[in-house]
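Enquirer: Got a structure here, written out as structure tokens. Questions coming.
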Amino acid sequence: MNNIDYSKGKIPGAQSGIEIRHSVCDICTPGMHCGVDCYVKDGVIVKVEGMKEHPFNKGKLCTKGSGNRQYIYREDRIKTPLKRVGERGEGRFEPISWEEALKTVSDKLLSIRSEYSADHVAFFSGYSKYYRFMLRRLAHSFGTQNYGTESSSCFTAGLMANKVNTGQAMLQNLPNTDLFLAWGQNGYFSRYPLANSMEKAKERGMKVIVVDPRLTPTTMRLADLHLRPHLGTDGALAHAIANVLIQNGWIDRPFIDEHVYGFEAYKEYVSRFTPQEGERLTGVPAEQIRKAAELIHESSSMCIAESSAPICHHRNGMQNYRAIMALTLITGNFDRKGGQIPQTYTFMESYKGFSSYEEEFMDEKFPEEGRPAIGADRFPLWYYLQKDMQANDLADNILRADEHSVKALVAFGMNYRMFPQDEKMLEAFRKLDFFVATDLFMTDTVKYADIVLPACSSFERGEFKCYPGQLVWYTRPAIAPLGEAKSDVDIISLLATEMKLDDPLLCAGYEACVQYIMRDLPLTIKQIQEAEVPFKLQGVPTYVIGDTIKEGIKTPTGKLELSSTILENHPEWGLDPLPTYKEPYNPDPAKYPLRLCAGTRIPNGIHSRLHDVPWERSLLQEPSLEMSMEDAQKYGIELGDDVQVTTNIGCLVFKAIPSATVLEGEIFIYHGYREQDINSILDSSNLDPYSGFPAYRSAFCNIRRV
Ligand SMILES: Nc1nc2c(c(=O)[nH]1)N[C@H]1C(S)=C(S)[C@@H](COP(=O)(O)OP(=O)(O)OC[C@H]3O[C@@H](n4cnc5c(=O)[nH]c(N)nc54)[C@H](O)[C@@H]3O)O[C@H]1N2
Ligand SMILES: Nc1nc2c(c(=O)[nH]1)N[C@H]1C(S)=C(S)[C@@H](COP(=O)(O)OP(=O)(O)OC[C@H]3O[C@@H](n4cnc5c(=O)[nH]c(N)nc54)[C@H](O)[C@@H]3O)O[C@H]1N2
Ligand SMILES: [Mo]
């Protein structure tokens with residue numbers, strides 16, 4: 001054995017009793033779940049490493065994944081079902097058996113359903129997402145449309161923009177493109193496989209434009225051109241670039257004539273966004289706007305990765321996203337090599353190159369006659385496209401306490417701190433007749449529950465996964481569930497069974513559900529389970545670029561829609577069919593002169609979950625506020641000073657980090673901290689009327705040293 005192995009200390013083998021078992025890290029977004037080697041001794045994980053055989057992460061683990069052992073063994077892991085004995089929020093519970101827990105939940109939900117109606121029960125899911133297809137169906141089989149998720153603030157607004165403009169989701173054909181627009185993307189912190197692919201493509205000569213107000217490893221290492229718009233002004237920037245393209249005739253006219261609807265109205269609209277006007281609205285110099293248009297013109301192909309969170313966490317987020325997408329449409333980079341490629345929906349919000357029956361599974365029990373889901377009235381486009389609850393309206397629905405208010409909430413992985421002005425959610429919890437929470441940890445949300453159900457981590461369960469390129473994998477548990485914890489999917493199935501819902505498939509359990517969804521695959525789920533590592537499915541029909549153009553674009557007009565006919569046909573919603581631009585909302589510019597971005601990703605945090613994990617916390621010990629060097633000087637602030645941030649809702653104190661990566665006039669703060677919860681001072685009425693997404697990234701504030 002060589003010295004390196006000795007230095008690691010934890011050596012697998014008969015002598016040490018350590019065995020390596022493959023599993024998956026689910027800390028992150030499902031599309032990225034990396035393979036993990038769990039070093040297991042006596043049923044306990046003593047170490048984790050990246051799994052070399054995993055085609056996706058190839059042995060690497062990110063900062064977050066490296067903290068997995070400390071994460072799953074967090075001291076506040078819940079190990080048995082619990083019944084509340086103290087006040088809501090107090091955190092006093094008594095262990096109970098699974099039988100008692102399931103029976104209590106079932107009795108309570110059924111009695112609310114018979115006394116009021118099924119609509120008075122809501123089902124919610126935060127992270128993780130692997131069980132969502134079953135939870136949605138559970139809600140439907142129970143009889144309510146009130147199923148909602150954390151995606152009320154994540155990803156979906158971008159998907160909605162895709163559905164409106166092109167009828168379906170699209171992905172970048174990065175390996176073949178000439179020019180890559182990384183719009184609000186820093187893979188080095190939030191999506192490292194993207195950073196890897198970008199590095200590779202740069203080596204073969206791909207050009208890169210990055211649009212990001214900040215300096216990041218992506219802007220510094222990979223950008224040929226870096227545009228730095230003010231937060232939330234992306235729509236104006238996209239329109240100004242489009243304006244230059246159109247004025248110069250640098251567009252694909254034949255493609256537009258044949259495949260694009262609404263071009264003349266769009267052209268008329270963007271004509272006001274001259275480079276000078278673009279500069280005024282976004283802060284990006286007119287010269288750079290022209291330069292971006294030139295680069296697009298000079299490139300034989302272009303694709304755009306517009307990240308949903310930074311683009312859509314604004315009052316005008318979805319429209320900004322559509323404005324960026326319009327650049328693809330007018331240059332003809334749709335369903336073309338090196339451009340944006342339409343995706344086949346696969347599984348778990350992923351587009352992995354084969355089709356499945358997940359959408360059918362999720363919606364075949366949809367209670368059509370039920371009351372439209374919460375938020376349907378306020379966010380009609382959301383409801384039209386998503387057919388579920390816009391969870392940003394949930395707290396208000398409960399607090400209204402009228403005849404339509406939810407009485408019982410069934411929450412999986414719910415973290416009340418994800419919402420703006422999140423105290424309202426706590427108040428809502430207090431009003432509920434019944435609240436059941438399923439989680440790994442005794443969080444501040446869970447403390448409000450009447451019944452608590454212990455969920456297990458990804459290392460303690462088996463899970464079906466798929467990855468780009470028709471790769472599939474069925475993981476095996478690396479260790480037994482801690483205490484009496486169960487996987488969420490088993491809990492859902494047990495609840496359906498206990499309530500005697502008329503849904504034999506759901507009651508039959510996870511494997512049966514996955515088999516139903518994947519019934520067209522050349523292998524059965526049982527056969528897929530035999531492989532220890534991910535492998536490529538043979539004989540699965542794959543998408544051929546150009547097929548969508550040939551077979552028909554999935555919008556109402558069969559064309560790519562610059563002006564949305566869904567919105568044209570619903571004038572009563574009061575939403576603009578064109579991707580119109582609106583400034584971020586500042587309640588009082590004199591009082592709140594600084595732009596506040598709450599949530600730009602840090603490598604060692606994921607929302608609320610890793611702040612209590614020692615390795616992760618050691619990398620940034622206190623809730624911090626990043627500001628420009630110019631503002632630090634102007635406000636007399638130095639590194640480590642306590643700085644008070646004031647918004648129209650309230651104030652909080654953070655540690656100052658003056659940084660050359662930040663533009664003057666902008667403040668960056670990460671969210672999810674128990675001690676300094678930035679969402680508690682963000683305005684919950686500042687929402688995007690198209691998607692219902694909160695404006696986490698374009699709030700306004702003032703600061704002072706304390
Ligand atoms: N200010 C601000 N707020 C934001 C954002 C932002 O950028 N800025 N981003 C928004 C976005 S994009 C997102 S995705 C949301 C994320 O919001 P959340 O999903 O609320 O975030 P987490 O803190 O990860 O909380 C997830 C909860 O799920 C639990 N959990 C983890 N794994 C499992 C599991 O397998 N089963 C069960 N039952 N529970 C589990 C965790 O313990 C935790 O309590 O936050 C949104 N809120
Ligand atoms: N380490 C880590 N990784 C994560 C997460 C995490 O919490 N931590 N969360 C996961 C989740 S739930 C999500 S949704 C994704 C989100 O992932 P991303 O969207 O990739 O992450 P962000 O860091 O929020 O945004 C990327 C870049 O956008 C810039 N940006 C911020 N506001 C704006 C804006 O208004 N316009 C433009 N053009 N750029 C802007 C930021 O400076 C940042 O460098 O990340 C996932 N990955
Ligand atoms: Mo997210």
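The values are calculated or read from the model by the stated rules, or taken from the named source; none is laboratory data. Please read all numbers here as calculations on a predicted model, not as lab measurements. In this analysis, Cβ positions are derived from the backbone assuming ideal geometry, glycine residues included, and neighbour counts consider all displayed protein chains. Surface areas here come from the heavy atoms of the whole protein model, side chains and all, with no ligands, DNA or RNA. Shrake-Rupley method; radii C 1.70, N 1.55, O 1.52, S 1.80 Å.
Enquirer: Only residues that are among the basic types (Lys, Arg) and either outside any helix (DSSP H, G or I) or under 14 Å from ILE296 (Cα atoms) (or both): list them for region 198-252, please. Walk me through it before giving the result.
Expert: If we filter region 198-252 for residues that are among the basic types (Lys, Arg), which is where we start, we get 200, 202, 204, 207, 214, 221, 228.
Across region 198-252, the qualifying residues are ARG204, LYS207, ARG214, ARG228.
Enquirer: From the list GLY640, GLY665, which one is out of contact with any helix residue (DSSP H, G or I) (no Cβ under 6 Å at 6 or more places or on another chain), touching a residue at least 40 places away in the same chain (Cβ under 8 Å) and surrounded by fewer than 21 Cβ atoms within 10 Å (Cβ to Cβ)? I'd like the intermediate steps shown before the answer.
Expert: Details: GLY640 fails: touching a residue at least 40 places away in the same chain (Cβ under 8 Å).
From the options GLY640, GLY665, the qualifying one is GLY665.
Enquirer: Further question: Taking the condition of being within 16 Å of ligand 3 (Cβ to nearest atom) and not basic (Lys, Arg), how many residues in region 170-191 meet it?
Expert: At the first step, the residues of region 170-191 found to be within 16 Å of ligand 3 (Cβ to nearest atom) are 184-187, 189-191.
Then keep just the ones that are not basic (Lys, Arg); that gives 184-187, 189-190.
The total comes to 6.
Enquirer: Among the numbered criteria (1) outside any helix (DSSP H, G or I); (2) within 16 Å of ligand 2 (Cβ to nearest atom); (3) farther than 18 Å from MET414 by Cβ, which single criterion is violated by ASN162?
Expert: (1)
Enquirer: Mind listing whichever residues of region 110-137 are of a type in the set (A, V, I, L, M, F, W, C), closer than 18 Å to ILE451 by Cα and surrounded by 22 or more Cβ atoms within 10 Å (Cβ to Cβ)?
Expert: Those that are of a type in the set (A, V, I, L, M, F, W, C), closer than 18 Å to ILE451 by Cα and surrounded by 22 or more Cβ atoms within 10 Å (Cβ to Cβ): VAL121, ALA122, PHE123, PHE124, LEU135.
Enquirer: Now for a separate question. Go through (1) surrounded by 20 or more Cβ atoms within 10 Å (Cβ to Cβ); (2) in a loop (DSSP other than H, G, I, E, B); (3) touching a Phe, Trp or Tyr at 6+ places or on another chain (Cβ under 9 Å) and name the single condition LEU620 misses.
Expert: The failed condition is (1).
Enquirer: Restricting attention to region 272-284, does a residue exist that is closer than 15 Å to VAL208 by Cα, touching a strand residue (DSSP E or B) at 6+ places or on another chain (Cβ under 6 Å) and not small (Gly, Ala, Ser)? If you could, list the steps in order and put the result at the bottom.
Expert: Initial filter on region 272-284 (closer than 15 Å to VAL208 by Cα): none.
So far as region 272-284 goes, no, none of its residues is closer than 15 Å to VAL208 by Cα, touching a strand residue (DSSP E or B) at 6+ places or on another chain (Cβ under 6 Å) and not small (Gly, Ala, Ser).
Enquirer: List every residue pair whose Cβ atoms lie under 8 Å apart, where the two residues are 6 or more positions apart in sequence or sit on different chains, the first residue falls within region 59-70 and is closer than 13 Å to CYS38 by Cβ, and the second residue, located anywhere, is of a type in the set (Gly, Ala, Ser) and buried (at least 18 other Cβ atoms within 10 Å of the Cβ).
Expert: The qualifying pairs are LEU61/GLY50; GLY65/GLY50.
Enquirer: While we're looking at this one, here's another question. Quickly run through region 643-662 and pick out the residues that are more than 16 Å from ligand 2 (Cβ to nearest atom), in contact (Cβ under 8 Å) with a residue 60 or more places away in the chain and open to solvent by 40 Å² or more (accessible area, probe 1.4 Å).
Expert: Scanning region 643-662 gives ASN648, ILE649.
Enquirer: If you don't mind, another one. Quick one: in region 464-493, of everything that is within 22 Å of GLY43 (Cβ to Cβ) and part of a strand (DSSP E or B), which residue is most open to solvent (accessible area, probe 1.4 Å)?
Expert: LYS486
Enquirer: Additional query: Taking into account only those residues within region 25-55 that are assigned to a loop (DSSP other than H, G, I, E, B) and buried (at least 21 other Cβ atoms within 10 Å of the Cβ), which is farthest from ligand 3 (Cβ to nearest atom)?
Expert: Let us first name the residues in region 25-55 that are assigned to a loop (DSSP other than H, G, I, E, B), namely 25-29, 33-34, 42-43, 51-55.
Keeping just the survivors that are buried (at least 21 other Cβ atoms within 10 Å of the Cβ) gives 25-27, 33-34, 51, 54.
On the way: CYS25: 16, ASP26: 14, ILE27: 12, HIS33: 14, CYS34: 17, MET51: 24, HIS54: 23 Å.
Step by step, filter region 25-55, then rank; the result is MET51.
Enquirer: For a quick check of your reading: which helices (runs of 4 or more DSSP H) sit entirely within region 502-616 and have at least 2 residues that are within 16 Å of ligand 3 (Cβ to nearest atom), at pLDDT below 95 and open to solvent by less than 30 Å² (accessible area, probe 1.4 Å)?
Expert: Values: elements: 504-508, 510-517, 525-529, 547-551, 565-568.
Per the criteria, no element qualifies.
Listed here are the residues, each with its yes/no results for (1) open to solvent by less than 40 Å² (accessible area, probe 1.4 Å); (2) closer than 17 Å to TYR581 by Cβ; (3) in contact with a Gly (Cβ under 8 Å, 6 or more places away or on another chain).
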{"site": "ALA242", "(1), (2), (3)": "yes, yes, no"}
{"site": "GLU268", "(1), (2), (3)": "no, yes, no"}
{"site": "PHE273", "(1), (2), (3)": "yes, yes, no"}
{"site": "THR282", "(1), (2), (3)": "yes, yes, no"}
{"site": "LEU295", "(1), (2), (3)": "yes, no, no"}
{"site": "PRO310", "(1), (2), (3)": "yes, yes, yes"}
{"site": "HIS314", "(1), (2), (3)": "yes, yes, yes"}
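Enquirer: Name the residue, out of ILE289, ILE304, ILE256, that is aliphatic (A, V, I, L, M), open to solvent by less than 10 Å² (accessible area, probe 1.4 Å) and in a strand (DSSP E or B). Before you say what the answer is, go through the steps one by one.
Expert: Working: ILE289 fails: in a strand (DSSP E or B); ILE256 fails: in a strand (DSSP E or B).
Being aliphatic (A, V, I, L, M), open to solvent by less than 10 Å² (accessible area, probe 1.4 Å) and in a strand (DSSP E or B) holds for just one of ILE289, ILE304, ILE256, which is ILE304.
Enquirer: Can you find a residue in region 635-652 that is within 13 Å of ligand 1 (Cβ to nearest atom), over 23 Å from the mean Cα position of the chain (by Cα) and hydroxyl-bearing (Ser, Thr, Tyr)?
Expert: Step one: list which residues in region 635-652 are within 13 Å of ligand 1 (Cβ to nearest atom), which gives 645, 647, 649, 652.
After this cut, where a residue has to be over 23 Å from the mean Cα position of the chain (by Cα) as well, the list is 645, 647, 649, 652.
With hydroxyl-bearing (Ser, Thr, Tyr) added as a condition, the list becomes 647.
Looking for residues that are within 13 Å of ligand 1 (Cβ to nearest atom), over 23 Å from the mean Cα position of the chain (by Cα) and hydroxyl-bearing (Ser, Thr, Tyr), one finds at least one in region 635-652, hence yes.
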